[in-house]
Amino acid sequence: MQPTAYKWAWPALALAYVLGLFMVTIMDVDSAQYASISQEMLQSGEWLQVHHKGKDYLDKPPLLFWSSALFYAIFGVSQWAFRLPSVLSSIMGFWATYQLGKELYNKQTGQLAALILASTQAWLMFNHDVRTDTLISNFSILAIWQLVKYVNGAQLKHLFWGFVAVGFAMMAKGPLGAVVPGAAIGCYLLGQKNWKMLFRWQWLLGAPIVLLVLAPMLYGLYLQFPDWEGIYFFFWKQSFGRITGENEWANDSGKFFFVHTFLWSFLPWSALALWAMLRRLQEFWQGKKVELLTLGGFVLPFIALSFSRYKLPHYIFPMYGMMAVLVAHQLMNLAKSSKSWVWPLALGQSIVLHTAALAFLALLMGWAFPGAPIWLVVLLILAALASFIPYFKFKQQRPMQLVLPAVFAMAIVNVGMNAHVYQALLPYQSGSEAAHYLVQEGLAEQNVGVYDFSQHSFDFYLGKVAKVFDSPKDIETAAGQAEWIILIRGKSLAELDKAGIRYEKIKHFDHFHVTRLTAKFLNPASRAEQLEDVYLIKVTGVVG
């Protein structure tokens with residue numbers, strides 16, 4: 001890859017990431033919940049024990065909460081301070097992906113792999129809609145790179161840093177942080193038939209290194225949850241229990257849930273990834289000596305996770321760094337193909353996806369959420385037209401002829417999403433909107449609660465944990481002592497009326513679950529019927 005190819009590619013992606021960092025309101029459910037938990041940790045000063053709304057919290061390990069709370073302490077509580085540790089981890093992940101590609105193949109493959117990973121919709125999305133998966137994904141890539149360096153050079157410093165990264169990956173999301181690097185390195189050694197390295201006693205040093213990294217978390221779990229409940233939950237029940245059935249969490253996802261998840265989240269490289277996997281399988285079947293890390297490290301955890309009874313899209317993201325390397329390598333081979341029809345076919349599918357991505361953004365901005373500033377529309381149109389230039393400019397540099405238009409298309413789409421679409425969409429998230437209103441009106445310091453309506457974004461942007469009322473009786477008791485401002489669904493007001501509770505409506509909000517978009521909501525003509533009424537009310541007493 002020529003240095004000139006980076007002149008615009010990385011800055012274009014960086015703009016999309018920066019806009020997501022600063023401009024997009026934190027979304028319910030998961031991201032807002034984690035932001036709120038981190039804020040609660042800072043306010044309570046209890047760093048070893050995690051609480052949510054004042055209650056013990058066990059569902060996720062603490063690395064995201066620790067890092068976000070630390071950045072709150074340094075920069076103040078804000079949405080960008082919450083996201084910054086994850087964005088920084090992604091920069092580390094891009095660097096590690098480059099180094100992994102360079103170690104397995106060559107510098108050009110590493111450069112291409114990092115660019116591919118950074119331009120996937122998964123990475124562009126979960127650096128503003130932050131999950132614990134952001135950290136585990138990037139630390140997993142770092143761990144794999146360092147452990148490959150150890151295999152290739154047998155230097156203990158790489159073994160040490162590899163297992164340190166494994167420890168941080170586990171502290172982000174649990175045992176999956178060890179499973180993904182373990183599967184990758186196991187497949188790498190299998191492909192090399194390096195049995196001597198496989199049985200080196202130095203691998204045994206990994207366990208104490210990982211436990212040393214995990215020690216603060218394990219101590220906190222032991223203090224917070226007696227009888228080893230917390231430690232057992234971390235090492236087994238939360239992850240493997242979803243396969244064995246010990247963990248009762250389940251949703252309606254089928255065995256092939258991650259197949260269609262991969263197809264959209266690895267865009268614009270999904271088609272190339274499927275082709276790259278088939279090519280690697282073909283090479284292996286033909287008896288060629290090939291590295292199996294990128295294929296096996298992706299496929300084996302993918303299959304294992306597919307048997308989980310509870311699945312969410314981001315569970316497979318920790319394997320995407322390896323897939324980026326495999327795609328980069330096979331793309332380099334594709335560009336050298338002597339078959340006259342191969343490269344035109346690859347370009348054809350790239351142009352189709354490129355055009356479809358830009359058309360999708362135009363549909364959202366022109367139909368679903370019109371009203372973008374003229375300057376933004378003009379800028380995006382000019383950028384969209386310019387994104388086709390590499391098809392003509394880089395005819396002698398085939399990888400760039402295909403890669404740069406795809407990268408620019410993803411940057412343009414996500415700049416448009418972050419700068420306008422989310423700005424038009426997120427006013428329908430009533431939790432954050434209600435909190436903004438209370439802060440602006442100087443009412444946030446009053447007694448504030450919620451009834452029959454859970455919105456973590458409300459707590460985060462309010463700056464404190466709102467009291468949760470479980471019944472009209474609870475509201476009646478509280479109202480006998482002081483005035484309360486309560487966030488409530490419109491349909492639940494009838495329960496207060498029936499209980500004789502006096503209140504006045506302060507503010508009305510149109511509410512929609514913004515992370516579960518539907519065609520009817522996106523259609524402006526049918527959107528109103530998809531909205532739910534939510535109110536801020538002031539409870540003034542009880543009818544005598």
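The values are calculated or read from the model by the stated rules, or taken from the named source; none is laboratory data. Quick caveat: nothing in here was measured; it's all calculated off a predicted structure. For neighbour counting, all protein chains shown are included, and Cβ atoms are generated from backbone atoms with ideal geometry for every residue, glycine included.
Sub-7 Å Cβ pairs linking a first residue in the range 502-521 that is over 26 Å from Lys538 (Cβ atoms) to a second residue that is of a type in the set (Ser, Thr, Tyr) and at pLDDT 95 or above, at least 6 apart or interchain, are Val514/Tyr428; Lys520/Ser526, ordered by first then second residue.
Conditions (1) crowded, with 18+ Cβ neighbours inside 10 Å; (2) more than 27 Å from Phe82 (Cα to Cα); (3) free of Cβ contacts under 8 Å to residues at least 24 places away in the same chain, marked per residue:
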{"residue": "Ala362", "(1), (2), (3)": "no, yes, yes"}
{"residue": "Val377", "(1), (2), (3)": "no, yes, yes"}
{"residue": "Ser387", "(1), (2), (3)": "yes, yes, no"}
{"residue": "Gln396", "(1), (2), (3)": "no, yes, yes"}
{"residue": "Leu402", "(1), (2), (3)": "yes, yes, no"}
{"residue": "Leu425", "(1), (2), (3)": "yes, no, no"}
{"residue": "Gly431", "(1), (2), (3)": "yes, no, no"}
{"residue": "Gln446", "(1), (2), (3)": "no, no, no"}
{"residue": "Ser457", "(1), (2), (3)": "yes, no, no"}
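Only residues that are free of Cβ contacts under 8 Å to residues at least 60 places away in the same chain and either under 18 Å from Val130 (Cα atoms) or not aromatic (Phe, Trp, Tyr) (or both) were counted across the range 42-67, and they come to 9. Ala165: touching a Gly at 6+ places or on another chain (Cβ under 9 Å) and among the aliphatic types (A, V, I, L, M), yes or no? Yes; evaluated as a whole, the condition is true for this residue. If the condition is being of a type in the set (Gly, Ala, Ser) and either touching a residue at least 24 places away in the same chain (Cβ under 8 Å) or not assigned by TED's automatic domain parsing to the domain that holds Ala406 (or both), then the range 342-360 contributes Ala346, Ser350, Ala357.
When each of Leu278, Leu293 is tested for being surrounded by 21 or more Cβ atoms within 10 Å (Cβ to Cβ) and outside the structural domain of Ala406 (by TED's automatic domain parsing), the lone residue that passes is Leu293. Going residue by residue through the range 64-79, is there one that turns out to be buried (at least 21 other Cβ atoms within 10 Å of the Cβ), modelled with pLDDT of 90 or more, among the polar types (S, T, N, Q) and not in a helix (DSSP H, G or I)? Checked against the condition, which is being buried (at least 21 other Cβ atoms within 10 Å of the Cβ), modelled with pLDDT of 90 or more, among the polar types (S, T, N, Q) and not in a helix (DSSP H, G or I), the range 64-79 yields no hits at all.
Look at Gln39 and say whether it is outside the structural domain of Phe512 (by TED's automatic domain parsing), surrounded by fewer than 18 Cβ atoms within 10 Å (Cβ to Cβ) and in a helix (DSSP H, G or I). Against the criterion (outside the structural domain of Phe512 (by TED's automatic domain parsing), surrounded by fewer than 18 Cβ atoms within 10 Å (Cβ to Cβ) and in a helix (DSSP H, G or I)), Gln39 does not qualify.
Counting only residues that are crowded, with 24+ Cβ neighbours inside 10 Å and charged (D, E, K, R), how many does the range 161-193 have? Residues flagged as crowded, with 24+ Cβ neighbours inside 10 Å and charged (D, E, K, R) within the range 161-193 amount to 1. If you go through the range 184-211 and keep only what is of a type in the set (A, V, I, L, M) and over 22 Å from the mean Cα position of the chain (by Cα), you end up with Ile185, Leu189, Leu190, Met197, Leu198, Leu204, Leu205, Ala207, Ile209, Val210, Leu211.
Filtering Phe394, Phe388 for residues that are more than 20 Å from Leu267 (Cα to Cα) and not assigned by TED's automatic domain parsing to the domain that holds Glu291 leaves a single hit, Phe394. Show the residue pairs meeting these rules: Cβ distance below 8 Å; 6+ apart or different chains; first residue within the range 68-80 and more than 8 Å from Leu42 (Cα to Cα) and touching a residue at least 12 places away in the same chain (Cβ under 8 Å); second residue in a helix (DSSP H, G or I) and of a type in the set (A, V, I, L, M). Partner pairs satisfying both residue conditions: Ser68/Ala35; Ser68/Ala81; Phe71/Ala81; Phe71/Leu84; Val77/Leu42; Gln79/Ala35; Trp80/Leu21.
Pairing each residue of the range 112-130 that is touching a residue at least 60 places away in the same chain (Cβ under 8 Å) with any residue that is among the basic types (Lys, Arg) and in a helix (DSSP H, G or I), provided the two are 6+ apart or on different chains, yields C-beta distances under 9 Å for Ala113/Lys102; Asn127/Arg83; His128/Arg83; Val130/Arg83. Looking only at the range 98-108, decide whether some residue is buried (at least 24 other Cβ atoms within 10 Å of the Cβ), within 28 Å of His354 (Cβ to Cβ) and in contact (Cβ under 8 Å) with a residue 40 or more places away in the chain. Looking through the range 98-108, at least one residue is buried (at least 24 other Cβ atoms within 10 Å of the Cβ), within 28 Å of His354 (Cβ to Cβ) and in contact (Cβ under 8 Å) with a residue 40 or more places away in the chain. Entry remark, the range 522-544: residues being assigned to a loop (DSSP other than H, G, I, E, B) and in contact (Cβ under 8 Å) with a residue 40 or more places away in the chain number 4 in total. Pairs are defined by a Cβ separation below 6 Å, a sequence spacing of at least 6 or placement on different chains, a first member in the range 247-270 that is of a type outside the set (S, T, N, Q), and a second member that is assigned to a loop (DSSP other than H, G, I, E, B) and modelled with pLDDT of 95 or more; the pairs so defined are Phe266/Thr120. Every listed requirement among (1) modelled with pLDDT of 95 or more; (2) crowded, with 17+ Cβ neighbours inside 10 Å is met by Leu496 save one, (1). The criterion of at least 1 residues that are over 29 Å from the mean Cα position of the chain (by Cα) is met, among helices (runs of 4 or more DSSP H) falling completely within the range 375-437, by 390-393, 398-416. Only one entry in Leu326, Leu305 is modelled with pLDDT of 95 or more, under 27 Å from Val148 (Cβ atoms) and crowded, with 17+ Cβ neighbours inside 10 Å, namely Leu326. Applying the set (1) touching a residue at least 12 places away in the same chain (Cβ under 8 Å); (2) of a type outside the set (A, V, I, L, M, F, W, C); (3) surrounded by fewer than 19 Cβ atoms within 10 Å (Cβ to Cβ) to Gln286 leaves exactly one unmet item: (1).
As a summary of the residue check, Ile412 satisfies the conditions (1) surrounded by fewer than 22 Cβ atoms within 10 Å (Cβ to Cβ); (2) touching a residue at least 24 places away in the same chain (Cβ under 8 Å) except for the one numbered (1).
Looking across the range 1-27, the residues that are assigned to a loop (DSSP other than H, G, I, E, B) and either without any contact (Cβ under 8 Å) to a residue 60 or more places away in the chain or surrounded by fewer than 22 Cβ atoms within 10 Å (Cβ to Cβ) (or both) come down to Met1, Gln2. Note on the range 303-341: residues that are in a helix (DSSP H, G or I) and either free of Cβ contacts under 8 Å to residues at least 60 places away in the same chain or not small (Gly, Ala, Ser) (or both) amount to 22.
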